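J.: So that we are looking at the same thing, I have put the structure below in structure tokens.
The values are calculated or read from the model by the stated rules, or taken from the named source; none is laboratory data. All of these numbers come straight from a predicted model, not from anything done at the bench. Glycine gets a Cβ as well: all are built from the backbone with ideal geometry, and neighbour counts include every protein chain shown.
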Amino acid sequence: MSRALRRFGRVTEPLAPGPPTADGPPELVRSLQLRHVDAGSCNGCELEIVSAFGPVYDAERFGARLVASPRHADGVLVTGPVTQNMAVPLLRTVEATPRPRVVIAVGDCARDCGVFAGGYGVVGAVGDVVEVDTSIPGCPPHPTAIVEALRGITRR
């Protein structure tokens, strides 16, 4: 048994019966390749995403995986409020992701600009620039919340 498992015990629970927490396209069930885009965050959400895909929470065992290119992705994982410098790259990344695709806004800043609302360099929330399918609340969201949302999409 790994040291982390002995220390934390079981970190994920079986998926609750009933409808999934987030509904993705049927084509994305069981497997979800994600391209991460930092649209201007403070990097708090990035730390939690790394933890969600790390050995303790291990989001990959539920069919979600991070990829390096939007051409290889089924969806886009976006963190932070959208800044002026990142509005066009975010839009291009989403457009480069083949359909059917899912866009996930991670954290309060991606959902509604959070503490950065009204900032001079902020264009708006992710939903103001691209269509968002799922959002994960929190500042930053806990890795279990991220894994739970991904499990809702992959239905695993």
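J.: Of a type in the set (Val, Ile, Thr) and closer than 18 Å to GLU148 by Cα - does that describe any residue in segment 106-128? Walk me through how you get there before you give the answer.
T.: Let us first name the residues in segment 106-128 that are of a type in the set (Val, Ile, Thr), namely 106, 115, 122-123, 126.
Subset that is closer than 18 Å to GLU148 by Cα: 106.
Checking segment 106-128: at least one residue is of a type in the set (Val, Ile, Thr) and closer than 18 Å to GLU148 by Cα.
J.: I would also like to ask the following. Has segment 120-129 got at least one residue that is touching a Cys at 6+ places or on another chain (Cβ under 7 Å), over 22 Å from ALA59 (Cα atoms) and part of a strand (DSSP E or B)?
T.: Yes, the conditions are met somewhere in segment 120-129.
J.: To continue, here is another question. Name the single residue, out of those in segment 80-127 being of a type in the set (Lys, Arg) and surrounded by fewer than 16 Cβ atoms within 10 Å (Cβ to Cβ), that is modelled with the lowest pLDDT. It would help to see each step written out before you state the result.
T.: Pass one, segment 80-127, residues of a type in the set (Lys, Arg): 92, 99, 101, 111.
From what's left, surrounded by fewer than 16 Cβ atoms within 10 Å (Cβ to Cβ): 92, 99.
Working: ARG92: 92, ARG99: 86.
So the residue we want is ARG99.
J.: Being modelled with pLDDT of 90 or more, in contact with a Gly (Cβ under 7 Å, 6 or more places away or on another chain) and surrounded by fewer than 19 Cβ atoms within 10 Å (Cβ to Cβ) is the filter here; which residues of segment 140-156 pass it?
T.: Once the filter is applied, which keeps residues that are modelled with pLDDT of 90 or more, in contact with a Gly (Cβ under 7 Å, 6 or more places away or on another chain) and surrounded by fewer than 19 Cβ atoms within 10 Å (Cβ to Cβ), segment 140-156 yields only ALA145.
J.: Could you say whether any residue in segment 107-115 is touching a residue at least 60 places away in the same chain (Cβ under 8 Å), in a loop (DSSP other than H, G, I, E, B), touching a helix residue (DSSP H, G or I) at 6+ places or on another chain (Cβ under 8 Å) and within 22 Å of GLY44 (Cβ to Cβ)?
T.: Kept after step one, since they are touching a residue at least 60 places away in the same chain (Cβ under 8 Å), are these residues of segment 107-115: 107, 109-110.
Then keep just the ones that are in a loop (DSSP other than H, G, I, E, B); that gives 107.
After this cut, where a residue has to be touching a helix residue (DSSP H, G or I) at 6+ places or on another chain (Cβ under 8 Å) as well, the list is 107.
Narrowing further to those that are within 22 Å of GLY44 (Cβ to Cβ): 107.
Scanning segment 107-115, I find at least one residue that is touching a residue at least 60 places away in the same chain (Cβ under 8 Å), in a loop (DSSP other than H, G, I, E, B), touching a helix residue (DSSP H, G or I) at 6+ places or on another chain (Cβ under 8 Å) and within 22 Å of GLY44 (Cβ to Cβ), so the answer is yes.
J.: Suppose we filter segment 130-156 for residues that are part of a helix (DSSP H, G or I) and touching a residue at least 60 places away in the same chain (Cβ under 8 Å); how many remain?
T.: Restricting attention to segment 130-156, the residues satisfying the condition of being part of a helix (DSSP H, G or I) are 143-154.
With touching a residue at least 60 places away in the same chain (Cβ under 8 Å) added as a condition, the list becomes 143-144, 146-154.
So the answer is 11.
J.: What number of residues within segment 86-130 satisfy the criterion of being acidic (Asp, Glu) and touching a strand residue (DSSP E or B) at 6+ places or on another chain (Cβ under 8 Å)? Step through it out loud before you land on a result.
T.: Going residue by residue through segment 86-130, those that are acidic (Asp, Glu) are 95, 108, 112, 128.
Filter once more, keeping what is touching a strand residue (DSSP E or B) at 6+ places or on another chain (Cβ under 8 Å): 128.
So the count comes out to 1.
J.: Between a residue in segment 34-48 that is under 13 Å from CYS113 (Cα atoms) and in contact (Cβ under 8 Å) with a residue 60 or more places away in the chain and any residue that is among the aliphatic types (A, V, I, L, M) and part of a loop (DSSP other than H, G, I, E, B), which pairs come within a Cβ distance under 6 Å, given they are 6 or more apart or on different chains?
T.: Here the result reads ALA39/MET86; GLY40/MET86, each pair linking segment 34-48 to a residue that is among the aliphatic types (A, V, I, L, M) and part of a loop (DSSP other than H, G, I, E, B).
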